[in-house]
Amino acid sequence: MRVEAAKRRSAMHRLAGAACLLAGILAFVPAPSRAAGADVPTASIPADASIPADKVPLVAYSGRVAGDDARTRLILDFDKRPEISVHYVANPYRILIDLPDTVFALKKDDVAARGLFSDIRYGGMAAGKSRIVLTADRPASVVASEVRKEEGGAGYRLVVDTAIVTEDAFAKLLSGQSWQDAAAVAETRPVLPGAATGDGGTFVIAVDAGHGGIDNGAQGAATGTHEKAVTLAFARELTTALNASPATKAVLTRDKDEFLSLSQRVQLARNQGANLLISVHADTLRQKDIRGATVYTISDKASDSLAANLAARENLSDEIAGMPLQGEPAEVADILIDLTRRETQAFSISLAREVVGAFEGEVKLINNPHRHAGFRVLTAPDVPSVLLELGFLSNKDDEQLLLDPAWQKKVAGLIAEAVQRYRSVVIANGG
Ligand code: ZN
C-alpha cells in the first residue's frame, strides 16, 4: 500500500498538480455537464497549467458562488490568466486552490460561503503565492475547472466546479496528491539543546506579528480593523524600541501581510538564533467588557477556561489557511531536550513576570495578567517564548488604544525595558 502510494506520488510529481489531479478525479466523477443546478453552466476543460506565472500580481476583481449542497461552482474573474493547483486537506474537509500572487479586489459578498461550503477564505500565503480555501461539511472535490478568455479581451474567468464525493474517494485524493509547493510543508530541524544562544553576545529577539495573509485573526468591534494589521504595526514598533539598544537585536518573523504557519514562526525564530520569541496578538472575546493586556506562557494545562479557549482559537491559524496537519516531531523522548524544555519554560516565566511588572500602573491589565495555555507558537524547546495579548479588539476602549500610534510606542518601550531587565538577570546568572 505504501509502495503504491509512493509510486503514485512520484508519477504525479512529474505532472502539473492541477491537471493531473483533475484527470484522476474526472475518471470517476460524472462530468459537470450533467449537473442538476439550473444556475450552473457547463465546463469541462481542465485549467491550463502550462503558462508560466507572471511576476506582477494577478487581480481577482469579481466573483460568484452558485449551487447547492451537492454541487457548487466558484467563478472568479481575473485581469490575467490564472494558473491554479488544487489540493485537499481533511479535518475539516477542505479544497485548496493555489494561485500565484493575487490581489483579491472582491466585494465581501462576491464569494460568500454557500452551497457545499460553510466557509470560503482567500489571501496571501508565502511570497508570490495566494490561496483560496473552501471548507465543506462533507467530503468534496473539484470535478472540473477551466480558465476562459472573456469576449473582447476583458480578462480571464476561472470556473471551478465542485461536488460531494464519498469518504473513500476523498481519502484517495488525500493520499494520492503531491505537495509541490514547498511553502506548504513546514521545515523541521533537529533540536539541539542550547542551540539558540545568540551570535556571540548579541541578544536576539524574534518579534512575531500574529496572523497574516489569509488568516486575518480577530476583527475590531468598532472599526472592523483586522488583528493581523494591529499585530504587524505593533511588532514594527516593538522592533524599533528593541533595536534602540545596541545590546539587543530584534527581528520580525513577518514584515508584511503574509501567512506563516505556527511551526514556521517557531522555526524562523530558531533559525535566527533567537534568545527570545515574543508573539503579539489582540484577540476578541465574547465578553465585550473584558479588557487589558495578558502575557501567556506555554503549559500543557491551561490556567483557566479563557486561556484554554484563546489557545484553541490561536492554534486554528494553520487550519484556516489549509495547512496539512504535521505530526509532532519525535524528539520528546530525549532527556536532554526535556531538560532544555524545562529550563526554557523557567526563562519564559521570568520574562512574562518582567513584562507584567513593566505594565503595572502604566498599561491596563486583565485580572491575573500572567496566564498559561498550550499555544503552538510557544513550543520552541530551546527559545523562551511569550505570547502577548495587548488588549482585546472586542472592547472598544481597547480597540481605540490598540490603533493609537502613541499608545503602541509607549507599550513597545515598556516591553523593551522589560526585555533589557530580563537580559541583565540572565547574564548575571551566567545564562
Ligand atoms: Zn491572535
How about region 58-101: which of its residues are within 25 Å of Ala127 (Cα to Cα), touching a Lys or Arg at 6+ places or on another chain (Cβ under 9 Å) and either modelled with pLDDT under 90 or of a type in the set (Ser, Thr, Tyr) (or both)?
Ser62, Tyr88
Please find, among Leu402, Leu388, Leu393, Leu414, the residue that is buried (at least 16 other Cβ atoms within 10 Å of the Cβ), over 25 Å from the mean Cα position of the chain (by Cα) and either under 25 Å from His372 (Cα atoms) or modelled with pLDDT of 95 or more (or both).
Leu414
Selection from region 301-318 of residues that are surrounded by fewer than 18 Cβ atoms within 10 Å (Cβ to Cβ) and either among the acidic types (Asp, Glu) or over 12 Å from Asp283 (Cβ atoms) (or both)
Lys301, Ser303, Asp304, Ser305, Ala308, Asn315
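Answer yes or no: is there a residue in region 332-347 that is modelled with pLDDT under 95, more than 16 Å from the ligand (Cβ to nearest atom) and on the phi > 0 side of the Ramachandran plot. Show your work before the answer.
Filtering region 332-347 down to residues modelled with pLDDT under 95 leaves 332-347.
Within this subset, residues satisfying the condition of being more than 16 Å from the ligand (Cβ to nearest atom) are 332-347.
From what is left, the residues that are on the phi > 0 side of the Ramachandran plot are none.
The answer is no, given that none of the residues of region 332-347 is modelled with pLDDT under 95, more than 16 Å from the ligand (Cβ to nearest atom) and on the phi > 0 side of the Ramachandran plot.
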Just to be sure I understand the filter: pairs with C-beta atoms under 7 Å, separated by 6 or more residues or on different chains, first member in region 376-390 and assigned by TED's automatic domain parsing to the domain that holds Ala352, second member among the aromatic types (Phe, Trp, Tyr) and near the ligand (Cβ under 10 Å from one of its atoms). Which pairs pass?
Leu387/Phe375
The lone exception for Ala358 - which of (1) within 29 Å of Gln267 (Cβ to Cβ); (2) within 16 Å of the ligand (Cβ to nearest atom); (3) modelled with pLDDT of 95 or more it fails
(2)
Of the residues in region 219-231 that are touching a strand residue (DSSP E or B) at 6+ places or on another chain (Cβ under 8 Å) and surrounded by fewer than 22 Cβ atoms within 10 Å (Cβ to Cβ), the one that is nearest to Arg131 (Cα to Cα) is His226
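Here is a yes/no grid of residues against (1) modelled with pLDDT under 90; (2) within 16 Å of the ligand (Cβ to nearest atom); (3) under 21 Å from the mean Cα position of the chain (by Cα); (4) in the same structural domain as Thr72 (by TED's automatic domain parsing):
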residue: Glu167; (1), (2), (3), (4): yes, no, no, yes
residue: Gln177; (1), (2), (3), (4): yes, no, no, yes
residue: Gly194; (1), (2), (3), (4): yes, no, no, no
residue: Ala218; (1), (2), (3), (4): no, yes, yes, no
residue: Lys228; (1), (2), (3), (4): no, yes, yes, no
Take Val377 and decide whether it is β-branched (Val, Ile, Thr), within 20 Å of Asn315 (Cα to Cα), in contact with a Lys or Arg (Cβ under 7 Å, 6 or more places away or on another chain) and part of a helix (DSSP H, G or I).
yes
Name the residue that is surrounded by the fewest Cβ atoms within 10 Å (Cβ to Cβ), counting only residues in region 112-135 that are over 16 Å from Asp98 (Cβ atoms) and of a type in the set (A, V, I, L, M, F, W, C).
Ala112
Given the conditions (1) outside any strand (DSSP E or B); (2) crowded, with 23+ Cβ neighbours inside 10 Å; (3) of a type outside the set (Ser, Thr, Tyr); (4) within 13 Å of the ligand (Cβ to nearest atom), and given that Val266 satisfies all but one, which numbered condition is not satisfied?
(4)
Of the residues in region 289-301, how many are touching a Lys or Arg at 6+ places or on another chain (Cβ under 8 Å) and not in a strand (DSSP E or B)?
2
Which of the following residues is of a type in the set (S, T, N, Q), within 23 Å of the chain's Cα centre (by Cα) and within 14 Å of the ligand (Cβ to nearest atom): Thr253, Thr223?
Thr253
Residue among Phe203, Phe234, Phe259 that alone is assigned to a loop (DSSP other than H, G, I, E, B) and aromatic (Phe, Trp, Tyr):
Phe259
If you scan region 269-289, which residues turn out to be more than 16 Å from the ligand (Cβ to nearest atom), surrounded by fewer than 23 Cβ atoms within 10 Å (Cβ to Cβ) and within 19 Å of Leu390 (Cα to Cα)?
Gln287, Lys288, Asp289
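Take Gly212 and decide whether it is at pLDDT 90 or above, in contact with a Lys or Arg (Cβ under 9 Å, 6 or more places away or on another chain) and either among the charged types (D, E, K, R) or buried (at least 19 other Cβ atoms within 10 Å of the Cβ) (or both).
Answer is yes for this residue.
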Kindly indicate the residue of region 125-165 that is over 24 Å from the mean Cα position of the chain (by Cα) and among the basic types (Lys, Arg) and also nearest to Asn91 (Cα to Cα) among those meeting that condition.
Arg157
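The values are calculated or read from the model by the stated rules, or taken from the named source; none is laboratory data. None of the values given here were measured: they were computed from a predicted structure. Quick reminder, even Gly has a Cβ in these numbers, built from the backbone with ideal geometry, and neighbours come from all protein chains shown.
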